[in-house]
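The values are calculated or read from the model by the stated rules, or taken from the named source; none is laboratory data. Please read all numbers here as calculations on a predicted model, not as lab measurements.
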């Protein structure tokens, strides 16, 4: 094997793992950033809706549904459900209005509502708790 071939193989053996490590690192942090961005935008949609529904007496559920429908966001197809302290459903963003055609990705159970009440926030991914 010539010196040129040995140097080329050594260069490939050293540089390839470094590039692979950088690419995996980039992908991982990009994925985390997208998850955080999604949760931030979902919160920025749900918190004002809760404020409007609970604190503004002149806003009722049909008007809030109209505001929600007319407000375009990148995550308009995501479900926002608002419950009171006694776990009564006050508002659902309407994703489940047509129950024959849509099946929810997860069920909102009393256990989940109790956990949200204790932690103030619970993230789910594929019906699994993230935290």
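Within segment 57-90, work out how many residues are modelled with pLDDT under 75 and either within 23 Å of residue 116 (Cα to Cα) or within 22 Å of the chain's Cα centre (by Cα) (or both).
Final tally of qualifying residues: 17.
What number of residues within segment 96-116 are modelled with pLDDT under 55 and within 22 Å of residue 53 (Cα to Cα)?
Result for segment 96-116: 2.
Among the residues of segment 1-47, which ones are more than 17 Å from the chain's Cα centre (by Cα) and within 23 Å of residue 80 (Cα to Cα)?
Here is the first cut: in segment 1-47, the ones more than 17 Å from the chain's Cα centre (by Cα) are 1-27.
Scanning segment 1-47 gives no hits.
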